[in-house]
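To start, the structure under review is shown below, and the notes come after it.
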Amino acid sequence: MLFFPDLALLLNGTLLLQPAAPAPVHHLLLDSRRVGQLAGAVFFAIRGAQHNGHRYLPELYQRGVRLFVVDQEAEIPGGAAAYPEAGILLVADSLRALQALAAHHRRQFRVPVFGITGSNGKTIVKEWLAQVLSPDELICKSPRSYNSQVGVPLSVWELNPSHTLGIFEAGISERGEMPRLAEVIQPTLGIFTNLGTAHDAGFSSAAEKAAEKMQLFLAPRPKNQDPKTPTPQGLNPGVDLLFYCRDHEAVHAAALRHLPARCTFTWSRHHPHEAQVAVTMMEASAERTVVQVRLTSPLPQEHTFSLPFADEPSVENALHVLAVLLWKQVPSDAIQRRLDRLAPVAMRLEMKQALNDCYVLDDTYNNDLAGLTLALDMLARQPRRGRRTLILSDVLESGIPAAELYPQIGTLLSAHGVERLIGVGPEISQFRHVFARLESGFYNRTEDFLGDFRPEQFQHETILVKGARRFGFERIVAAFQQKIHGTVLEVNLDALVHNLNYYRARLRPGTRLMVMVKAFAYGSGSYEVANLLQFHRADYLAVAYTDEGVELRQHGISLPVMVMNPSPDAFQKLQQYHLEPEIYSFERLHDYLRIAAEHPRPLPAIHLKLDTGMHRLGFTEEDLPELCRLLRENAKLVRVASALTHLAGADEEQHNSFSRQQLAAFERMVPVLEEALGYRVLRHALNSAGILRFPEAQFEMVRLGIGLYGVEAAGREQDALRPVSTLQTTISQIKALAPGQTVGYGRRGAAVDYERRIATLAIGYADGYDRRFGNGIGEVVIRGRRAPIVGSVCMDMCMADVTHIPEARPGDLAQVFGPDLTLTELAARIGTIPYELLTNVSERVKRVFFAE
Ligand SMILES: *Cc1c(COP(=O)(O)O)cnc(C)c1O
């Protein structure tokens, strides 16, 4: 066991404060928002481009965290003395210290450890490898895709003495990163999945990228239990064996350069004589691929296996796993059985709308302790809406005896605010007494729970469904999901965060960020998006109408909210829900002042809208004297939080000089107001396009809108953003039309002289699919190919021509917009803008939110 003071020596740091009590180190904490267990938690204050962990010391201390590692003594809020009961260690670099601590932990173990890297497939290969090896091993693996500079140390920290194997993935985006991950993982075995074009930006060539990734397999590391070639210090440099596909030339070249041939184990389809495993593709159906493998080592032999996949990436990933099984000399019938159980990995945690206004967090793929902790973090981050319920299976392969494991889980559940637990499985049922303080129910099998399932027992709650694969919890999720009409809008929360950070990185330090969540967050679902923004510490939200703001408050959003168009009859609500109105005219100002005068308590602060050329809403320069007079006379009744203006042509070059005039007018007007008020206010003028095009005009705040949702309005940096929303529908039916037959109302899907296959799709104009897309103007993407819309778009349906996609079937998904069909392209086809398409998606379309 490691005690906090020992870290000073280990991490070459200085103890600013000795902890008051004996302080064993159990948990590493990086994110102040994710505090699980307090006892033995050490917070590493890490500074990044966008955040500074030192800022959170007071909050963490107040919540009971007592151990801190910092790298800037001057940035400890209030100084070290403000934390009398804490232990504080000052190091040169907190991130390096975290990595060094994890590396030290890793060195305590002599078990084999796989390091996995490559451009694609890392997480899937890791999950599958763990699946096929789990009959023989007790495995510690990275949760989800924890493969970064901070994710890797946290993953490796979970290794404990009962594990017989570690499997960790490493991902990098620039030079110099891999050696640090290698030092933490210290792999004895490696898998290099492939080399694609992802993250190319940080590297000048494929060879350079391959060489950097190869560093993972070259780190010194402890000897295995059965050392092959002991080296003087008991350390082996590099992996004993690297698995890869010989056909990736850049990978192969890097391996040849850096590792002796005896340290590689390769498979190949195109160079059968240069690999230990020669693979021949035999046949492929829609669901399976049959491969023949010829092995030259360890013994010459030939086998045929059937892989439960048909798509190219899955087949490649499965072949990596197969190579490891062959090398381990697992009997071929056992290999086939294990391959049969491989299933596509649900890489994402999904939040789904469910019956009785519940939300289900669907995480039914695996259930180890690290995965459970992550899922609980996500649950705890959801705003309060009724109870927080957890449906949990036995936790398998934790490497911790059940008598210790379940009490630990009990602590985790209370730390994350779980109020109700439904346990499924013999083991969790046996330990039910541990959860006595929660409302709870226990079942031995999933079937027993389903047999007992009564929807009315779940109302307005957020339900995390977390189960090991063998419990088949996807049946529970299905039971919770209302019959959904075939169309869903998928909202990728990771893409949203990516876009948020993209714009944030453009801001000068200290510039505040207001995010526009008006119009149901541009159609994406207001409170879910607002909740994410709150978590990622946006400074302000803005909505169009008071009711939108009320809804945010009712869903637990506590950020300041500006309401752009408050109607005077709703001013009471502004007070009640603490929403800050935008005031853009003398009428509104008089309404506000009248109500403020009648009110015993001060009304929320206001935002003054200045019209500098948009000519929509706002006070003009001529209005200023009168406005100033009113503000001065009513100084006691009104507090002004900000002054804003809106640019009429921020996205277009041709309006640049007009935009500059607007900004100049704004800069003239605000000081006049401030003079009258006697204090400074926040100034903001830029929307998404403006943030990118007028960086000099950020003032104290900017207003991010469409860019967050993945559309770059100025059209210059679209590639840097990630699409957030995918509108997806399904094929309800497919009809064969003889030559001469027409499609739909008014017979507008005109006859042709050949036979057609026409797919009826479950989306129409009532879902927000514009009628202008009818008659060949619009397209959808089915099985990766475009299919034109034929005939008119109906209220709930429309038709697409799939003659050229013979494999299309009823039930197939059709992408209406998303990564394969951009909003910008679609908008151009019907002469509108992406904003309209996004906000048109009707509220009856279910939103599914997911994080990768
Ligand atoms: C909607 C809106 C924005 C955001 O505009 P985008 O082009 O979506 O970035 C900014 N300011 C005001 C006043 C708005 O109404």
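Please give the residues of region 144-183, grouped as numeric ranges, whose backbone N is less than 17 Å from a label point set 7 Å along the Cα-to-Cβ vector of residue 408.
Flagged as within label range: 144, 154-167.
Estimate the FRET efficiency between residue 829 and residue 18 by the formula 1/(1 + (r/R0)^6), using the beta-carbon distance for r and 60 Å for R0, to the nearest 0.05.
Working: r = 68 Å, r/R0 = 1.13.
The value I calculate is 0.30.
Explain nothing, just the number: relative contact order of region 108-340, from Cα pairs under 8 Å at least 6 residues apart, as a whole percent.
Contact order relative to length: 17 percent.
Report the one residue of 824, 61, 704 whose Cα lies farthest in the direction of the positive end of the charge dipole of the chain (charges on C-beta: Lys and Arg +1, Asp and Glu -1; origin at the Cα centre).
Looking along the dipole axis, the top candidate is 61.
Which shape class, rounded, prolate or oblate, goes with region 14-95 when its Cα gyration tensor gives a ≥ b ≥ c as root eigenvalues, a/c under 1.5 marks rounded, and past that a/b bigger than b/c marks prolate? Before the final figure, lay out the partial values.
Working: a/c = 1.43, a/b = 1.14, b/c = 1.26.
Since a/c stays below 1.5, the shape of region 14-95 is classed as rounded.
Among DSSP bridges having both ends in region 350-483, what percentage is antiparallel? Round to the nearest 5.
Rounded to the nearest five, the antiparallel share is 20 percent.
Let me check against my output: what whole-number percent is the relative contact order of the chain, with C-alpha pairs under 8 Å and at least 6 apart?
Working: 1759 pairs, mean separation 65.9, N = 852.
It rounds to 8 percent for the chain.
Explain nothing, just compute: Karplus ³J(HN,Hα) = 6.51 cos²θ - 1.76 cosθ + 1.60, θ = phi - 60°, for every residue of region 189-194 in order, whole Hz, x for Gly and Pro.
3J(HN,Hα) across region 189-194, in whole Hz: 9, x, 10, 10, 5, 4.
Which log10 I(q)/I(0) values does region 78-174 give at q = 0.18, 0.19, 0.23 Å⁻¹ under the Debye formula, counting every alpha carbon as one identical point scatterer?
Cα-only, vacuum Debye calculation for region 78-174: -0.84, -0.91, -1.18.
Using just the alpha carbons, could you tell me how many Å³ per residue the convex hull of region 725-851 encloses?
Values: hull volume 13.1 nm³, N = 127.
Taking the convex hull of the Cα positions in region 725-851, it is 103 Å³ per residue.
Just read off the accessible area of residue 506 with the full protein assembly in place, 1.4 Å probe, to the nearest 10 Å².
Result for residue 506: roughly 90 Å² accessible.
Using the Karplus equation 6.51 cos²θ - 1.76 cosθ + 1.60 (θ = phi - 60°), what ³J(HN,Hα) coupling, rounded to whole Hz, does each residue of region 77-82 give in order, writing x for Gly and Pro?
Taking θ as phi minus 60°, the curve returns x, x, x, 4, 5, 6 Hz for region 77-82.
Tell me, what is the FRET efficiency for residue 795 and residue 719 to the nearest 0.05, using R0 = 56 angstrom and their Cβ-Cβ distance as r?
Here the calculated transfer efficiency is 0.95.
Give me the number: length gained by fully extending residue 572 to residue 137, i.e. 0.36 nm times residue separation minus the C-alpha to C-alpha distance, one decimal in nm.
150.3 nm
Name the residues whose placed amide hydrogens come within less than 5 Å of the amide hydrogen of residue 16, ignoring near sequence neighbours (fewer than 5 apart) on the same chain.
For residue 16, whose amide H was placed from the backbone, the distant partners under 5 Å are 88, 89, 90.
What's the angle, to the nearest 10 degrees (0 to 90), between helix 624-633's Cα axis and the longest principal axis of the chain?
Approximately 90 degrees, to the nearest 10.
Report Rg (one decimal) and Dmax (nearest whole number) for region 636-708, counting Cα atoms only, units Å.
13.1, 44
What percent does the relative contact order of region 350-483 come to when contacts are Cα pairs within less than 8 Å and at least six residues apart?
It rounds to 42 percent for region 350-483.
With a sphere of radius 9 Å drawn around the Cβ of residue 788, what net charge do the other residues whose Cβ falls strictly inside it have (Lys, Arg +1; Asp, Glu -1)?
Neighbour charge sum, excluding residue 788 itself: -1.
Would you please give the residues with an amide H less than 5 Å from that of residue 842, counting only those at least 5 places away or on a separate chain, with H modeled from the backbone geometry?
The list, which skips near neighbours in sequence, is 768.
Based on DSSP, what percent of beta bridges with both residues in the chain are antiparallel, to the nearest 5? Don't skip to the end; give the middle numbers.
Values: 59 of 138 bridges.
Restricted to the chain, the bridges split so that about 45 percent are antiparallel.
What whole-number distance in Å separates the alpha-carbon centres of region 259-325 and region 40-103?
48 Å
Per residue, what accessible area does the chain have, given a 1.4 Å probe and all protein chains present, in Å²?
Using a 1.4 Å probe on heavy atoms only, each residue of the chain averages 41 Å².
Quick one: in the chain, what % of C-alpha pairs are over 39 Å apart? Spell out each step's value before the answer.
Details: 179216 of 362526 pairs.
Of all Cα-Cα pairs in the chain, 49 percent lie more than 39 Å apart.
Quote the FRET efficiency, to the nearest 0.05, computed for residue 535 versus residue 753 with a Förster distance R0 of 51 Å and r equal to the Cβ-Cβ distance.
Approximately 0.30, to the nearest 0.05.
With all protein chains present and a 1.4 Å probe, how do 59, 127, 456 order by accessible area, largest first?
456, 59, 127
What spacing in nm lies between the two simple spin-label points modelled at residue 104 and residue 565, each 7 Å away from Cα in the Cβ direction?
A separation of 6.1 nm, rounded to one decimal place.
Take every DSSP beta bridge whose two residues both sit in region 4-99, then give the antiparallel share in percent to the nearest 5.
Close to 30 percent.
Subtracting the Cα-Cα distance from 0.36 nm times the residue separation, let me have the gained length for residue 280 to residue 696 in nm, one decimal.
Gain on extension, residue 280 to residue 696, equals 143.8 nm.
Quick one: 3J(HN,Hα) in Hz for region 322-335, Karplus 6.51/-1.76/1.60 with θ = phi - 60°, rounded, Gly and Pro as x.
Rounded to whole hertz, the list is 4, 4, 5, 5, 5, 5, 6, 6, 5, x, 5, 5, 5, 4.
Using 0.36 nm times the number of residues separating residue 381 and residue 303, minus their current alpha carbon distance, what extension gain do you get?
23.1 nm
Once Rh is set to the Kirkwood radius over Cα pairs, what Stokes-Einstein translational diffusion coefficient, in µm²/s, holds for region 490-719 at a temperature of 10 °C and a viscosity of 1.306 mPa s?
88 µm²/s
Can you pull the Rg over Rh of region 108-340, Cα-only, Kirkwood? Could you put the intermediate results ahead of the total?
Details: Rg = 16.8 Å, Rh = 17.9 Å.
Radius of gyration over Kirkwood radius for region 108-340 works out to 0.94.
Return the distance in nm (one decimal) between the two label points of a simple spin-label model at residue 590 and residue 745, each offset 7 Å from Cα along Cα→Cβ.
4.7 nm
Which value in nm describes the separation of the simple spin-label points at residue 732 and residue 39, placed 7 Å from the Cα toward the beta carbon?
5.9 nm
The values are calculated or read from the model by the stated rules, or taken from the named source; none is laboratory data. Fair warning: this is a prediction, and the values are worked out from it, not measured in the lab. Positions of Cβ are generated from backbone atoms using ideal geometry, with glycine treated the same way; all protein chains shown enter the neighbour counts. Side chains are part of the model used for accessible areas, which takes the heavy atoms of the whole protein and leaves out ligands, DNA and RNA. Shrake-Rupley method; radii C 1.70, N 1.55, O 1.52, S 1.80 Å.
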